[in-house]
Structures are given as structure tokens and as C-alpha cells.
Amino acid sequence: MQKAPERLIDENGFRLDGRRPEEFRPIKLQVGILDNPDGSAFIEQGKNKIIVGVYGPREIHPKHMVLPDRAVIRCRYRMAPFSTEERKNPAPSRREIEISKVIREALEPAVMPEYYPRTVIDIFVEALQCDGGTRCAGIVAASLALADAGISMRELVSACSVGKVEGQIVADLFDLEDKYGEADMPVAIMPNLNKVTLIQMDGKLSRDEFERAFEMALDGCRKIRNLQAEALKRRCEVLTGTEMPEKGSLEAH
Amino acid sequence: MSMTPQAAPTAKIEQEWIRDLASKNRRIDGRAPSDYREITIETGTIEKANGSARVTLGKTKILVGVKLELGAPFPDTPNEGVLTVNAELTPIAHSSFELGPPGENAIELARVVDRNLRESKAIDLKELCIEPGKRVFIVFVDVYVLDHDGNLVDASTYGALAALLKCRMPECEIRDGEIVYSGSFRPLPMRNYPVPVTFAKIGRTLIVDPCLKEEEVMSTRLTIGVDKEDCVCAMQKGGMGTLEVHEVTAAVEAAILKSGEIRKLIMEAAC
């Protein structure tokens, strides 16, 4: 069993994994890594490893679920039994059911389902290794997978979490900070339209702290949006055979 | 699996009307955007529960019961009692509520009520420990929705808070490894009083305390839980729409203002 760490931020202002308060974990994004789904993406964010597959638009079963004027969007977020310190029971937990819902609601505004009436778009978010902030990482990968499937979208959805640890507003909490910190706030936005598609919070933030944290989250989302665009571009280059071998790494700070 | 819900049964013309009113800062029941419906809170409804409360919020009716039981603590918090919140959307509450295991809406409701109570540290769980690592009190908060006319999150949390404030736990001690009850009761160690305020976005207008018709028309819902020190302790966005950045910050400001009034009401009802 994990023990609570004595301090989450040391006297020099560094966090347990050596980051500065406003620093994000390195993010690696890959698009189109599975063969069977219509679209897929993989995200590595620190120790988080999440794979997302999208099927659709395809025929919906059972038929009575059909919506006559738009596609139904279905989403499942799931943690692998081996994804955490202690084995996670494979039965769906209440947390997973709630997160499936908030991920779907974070992506709905970006998708243009009116183009695909009477169909379904299935989004499967499989968290293979979890280290805090998986719903946000899942959203980042899911919007790439949707784009990879060629589904019409208004914009990509970018997400990150911010919070408070030892009285300081910090970006991109990892597991221990999430557990023992004072607040955690996942945020997803459509960066170019500047619209919030997901916001949750637990912990304790004064109004002033909330505003600073929210600003930090919006800023982080915009940075992640650039990485998403790069990852999609690389996928296009692979598909069209114009790949530039020296294209830079996707490590982000 | 979470799924796009079926379209609301409200007639299109009525939906248009609600949207049109909202754009003029008016509502179907004559309320202003920042007005709550009438809130009534009655405690002690269920004698066999350790604490209970019946809340009405306009036509929304909710019953909350609290039961205490002895049980084992979680291994990572051996010195703390356990809080569990469950919500039932009973089939009598609305024609769209079906039998069967709780769906995502019931689970979200329970988890948002739980988040408000847990994150504000409403109950001092350390005081519920009887024998570290072995025996603690488990606080079961069960939310029963009896009549659904919108804004279940707020009504349920107000009910849960009132029921917990009225809850009585039996005094007991350990003698030779056995639990001996003294026969007297004391209140739960309540340390904070979280009050959520829920907003619905209709068109470009944010209204508080949406009724069911308004929920069917809204694009987005935002719940902001505020603790007794005017800090935000819980947030949840729902619905398939989006929020502007300034709408979120305005909602936080409005929630901090509004929660004070409602907290007073709950405290009066439960004391």
C-alpha cells in the first residue's frame, strides 16, 4: 500500500516528480495505431498510458436507440485491472460510469452528429496505466481518434487538470498529488472557439484561487491543442506518404 | 456505456417559448434568473433512521435517510469512519425513470452529493472511529427522489445536509473487546455545511434552480458547491453544450452569494 508522502512540494519549490508548479508532464501523442477501429489514438502523459478507439458512424443496435436527426454518441471509459497500484476490480465502478458520461458530454459539442443521422459513433477509452488526470488525457486522445475516424468536428477538444497542492496552484496533478493535494479541477475546452466543454472540481479553492487555477487550465489546454494538431499532421503525412523523417519530438513542457 | 439521451418530450413550440423567455431574462413560472423556487425542509420524517429529511424545491420532492452501521474502515484510512452516498431515482418520481440498477444519472447525482459532503469535510470522519483499523461507524446517506421536477442535485444535497445535521449516533465504548452501548445519543461531528447552487444555460442566459421543463431545454448544467467559508468545494458540468469562460467565473461568483441564503435556511430547519 502507498504511504502518504510527507511533503508534496519541497523547499525549493519542486514537486515530487521534479516539476515546477506550472509545469506539465511530457506528453506523447500517436494517431492511428490500431488497425480495426475507424480511428484510434494513444496518449502517454507521464505514467498515464491511454488508448482510444472509435468505431463509426455505423449501424446502431438495438434499433430503438436510433435518433432520427443525428448520430448517437456512445462512450465508455474503463480502467484496466493492472492500471493501478492495487488491482482494480474489472467490474465497472461508479467512478467509471460517471467519467464515461462526462467524457461523452465533453466531446458532444465538438462532434457534428447531424451529418450522420440514424447511426452510432462508439468511443472506447481504455486506460492502460493510470497516474492521475486520466479523464483529461482520455479526452485529448479521444478527440484525436474521432478526427482519425474522419468524423466531422467543429474543433478538437483539449483537456488538462489543475489543482492545489500545499497551498500552491499547480498544473497537471499526478496520482499522489490528486490523492493528498487540496484540490483537483479537470477542464476541457475547444481552444479556438474558447468554449468550456468539461469542468469538474473537488477540494477547496477560494474564489481567487479558482480564477488563477482556471486561467492556468485554459492556458494548458491551448498548449495541448498545438500538440494535438502536430500529431494529426504527422498522421496525415504518413497516410499521404509525405512524411518528414526529421519531424520534431512531441515532448512538451 | 454512456449514450446520447433521447430528445425531450416537451413540444418544440414550448421549448421555443422557454428559450424566448430566457433571452428576455424571464422564466415560465415568473421567476427571475437568479430566483430559487420555494424550499421547505422538514426533518425527522423517518423515525427508524438515525437522521432524515424531506425536502421540497418547488414540485421536486426528495427524502433523505441516514443510517449508521458499524463496519471495517478502508485499509488506507484506518482511523476514519466511512461515508457512502447512494441515490435512487424511484419509478414513482417520473415516467422516464425505469426499474433496474442505477443508471448514469442516478450515479452522477449520488457522486455529486458525495463530492459536496466529502470535499468540504462536512463530517469529521476521524471522530467516527471506535477501534482503529477494526471498527468504525459507516454513514449511509440514501437519497430517495419521490417527485422529479428538476434540480435534483441541489435538493438532494440540502436534504442530505439537513439529515446529517439531525442525525444522532449512539454513544459506545469498547470493554474487553466488546462494544458496549451506553444508551445515549449524540450528534454527528459536523464541521462544514456545503451548499451547491445549480445553473442551467438556456440560449445565452444562465438561470439558477432549473425546473424539469427548463432542464429539458437547457444546453448545459453547472453545479457549484460552496462551503461555509465561501470557498468552492465541488463543481460539475453536465449536459451536451458548452460554457463561455466568463459564464463559469460569473457562476462561481453568483453561487458564493446565493449559497449563504440557502445555508441559513437549512441551518434553521435542522436546528
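More than 44 Å apart: what percent of Cα pairs in the protein assembly as shown qualify?
Value for the protein assembly as shown: 15 percent of Cα pairs lie more than 44 Å apart.
If you place +1 on the Cβ of every Lys and Arg, -1 on the Cβ of every Asp and Glu, and leave all else neutral, what size is the dipole of segment A:100-187 about its Cα centre, to the nearest 20 Debye?
Computed charge dipole of segment A:100-187: roughly 360 debye.
Once the Cα atoms of helix B:12-23 and of chain B are each reduced to a long axis, what angle between those two axes, in degrees from 0 to 90 to the nearest 10, is obtained?
Approximately 80 degrees, to the nearest 10.
If r is the Cβ-Cβ distance from A:THR240 to A:SER93 and R0 is 41 Å, what FRET efficiency results, to the nearest 0.05?
E(calc), rounded to 0.05, equals 0.45.
Find which of B:SER120, B:THR56, B:VAL143 sits farthest along the positive direction of the dipole of chain B, computed with +1 on the beta-carbon of Lys and Arg, -1 on that of Asp and Glu, about the Cα centre.
Going by the charge dipole, the pick is B:THR56.
Which residue, chosen from A:VAL196, A:LEU173, A:ALA127, occupies the Cα position most advanced towards the positive end of the dipole of segment A:93-218, where the dipole is computed from +1 (Lys, Arg) and -1 (Asp, Glu) charges on Cβ about the Cα centre?
Towards the positive end, the residue furthest out is A:VAL196.
With a cut-off of 8 Å between alpha carbons and a minimum separation of six or more residues, what is the relative contact order of chain B in percent?
Once divided by the residue count of chain B, the mean separation gives 20 percent.
Please give, to one decimal in nm, the separation of the simple spin-label points placed at B:VAL180 and B:ALA8, each 7 Å out from Cα toward the Cβ.
Output for this residue pair reads 6.0 nm.
Quick check for me: using +1 on Lys/Arg Cβ and -1 on Asp/Glu Cβ, what's the dipole size of chain A about its Cα centre, in debye to the nearest 20?
Using Cβ point charges on Lys, Arg, Asp and Glu, chain A gives about 700 debye.
Divide by every residue of chain B the summed helix terms, -39500 (n - 2.57) for each DSSP H run of at least 4, and state the resulting mean residue ellipticity at 222 nm, rounded to the nearest 500 deg cm²/dmol.
Helices in chain B give a 222 nm mean residue ellipticity of -9000 deg cm²/dmol.
To the nearest Å, what is the center-to-center distance of segment A:10-35 and segment B:195-222, using C-alpha atoms only?
That distance is 36 Å.
Choose one of B:GLY103, B:ILE39, B:PRO5: the residue whose Cα lies farthest towards the positive end of the charge dipole of segment B:1-114 (beta-carbon charges +1 Lys, Arg; -1 Asp, Glu; about the Cα centre).
The Cα lying farthest towards the positive end belongs to B:ILE39.
Just how large is the dipole of segment A:110-253 about the Cα centre, in debye to the nearest 20, putting +1 at every Lys and Arg Cβ and -1 at every Asp and Glu Cβ?
That gives a dipole near 540 debye.
Can you give me the P(r) profile for segment A:63-173? Cα pairs, bins 10 angstrom wide beginning at 0, each as a whole percent.
13, 39, 31, 13, 3, 0
For segment A:168-184, in order, what is each residue's ³J(HN,Hα) by Karplus, 6.51 cos²θ - 1.76 cosθ + 1.60 with θ = phi - 60°, in whole Hz (x at glycine and Pro)?
Once θ is set to phi - 60°, the couplings for segment A:168-184 become 9, 7, 10, 9, 6, 5, 9, 2, 5, 5, 4, 6, 10, x, 9, 7, 9 Hz.
Once the Cβ-Cβ distance between B:GLU244 and B:GLU171 is put in as r, and R0 is 45 Å, what FRET efficiency do you end up with, to the nearest 0.05?
Using R0 = 45 Å, I get an efficiency of 0.30.
Would you mind listing how long segment B:94-137 runs along its three principal axes, going by Cα atoms, in whole Å with the largest first?
45, 23, 14
Using a Gaussian network model of chain A whose springs link C-alpha atoms within less than 10 Å, name the residue from A:GLU230, A:GLU44, A:GLU11 with the highest mean-square fluctuation.
Fluctuation is largest for A:GLU11.
Do any of A:LYS101/B:LYS228; A:LYS164/A:LYS233; B:LYS166/B:LYS264; A:LYS88/B:LYS67; A:LYS101/B:LYS201; B:LYS237/B:LYS258 go past 23 Å between their Cα atoms, and which?
Too far apart for the 23 Å limit: A:LYS101/B:LYS228; A:LYS164/A:LYS233; A:LYS88/B:LYS67.
Using amide H atoms built 1.01 Å from N in the peptide plane, name the residues 5+ places from A:GLY39, or on other chains, whose amide H lies under 5 Å from its own.
Amide H to amide H, under 5 Å and 5 or more residues apart or across chains, A:GLY39 pairs with A:VAL54.
Could you give the angle, 0 to 90 degrees to the nearest 10, between helix B:104-119's Cα long axis and the longest principal axis of the Cα atoms of chain B?
60 degrees
Output wanted: per-residue J couplings in Hz (rounded whole) for segment B:93-98, from phi through Karplus 6.51 cos²θ - 1.76 cosθ + 1.60, θ = phi - 60°, x for Gly and Pro.
For segment B:93-98, the Karplus-derived couplings read 7, 6, 5, 8, 7, 10 Hz, x marking Gly and Pro.
Report, largest value first, the span of the C-alpha coordinates of segment B:71-191 along each principal axis, in whole Å.
54, 28, 26
As an exercise, take the mean of 1/r over every pair of distinct alpha carbons in segment B:12-270, invert it, and state the Kirkwood radius in angstroms.
Result for segment B:12-270 stands at 19.1 Å.
Where the centre of each part is set by its Cα atoms, how far does segment B:82-126 sit from segment B:20-40, in angstrom?
Between the Cα centres of segment B:82-126 and segment B:20-40 lies a distance of 26 Å.
Here, each number is a calculation from the coordinates, and none is a lab measurement. Note that the structure is predicted; figures quoted are calculated from it, not measured. Don't worry about glycine lacking a Cβ; one is built from the backbone with ideal geometry, like all the others, and counts go over all protein chains shown.
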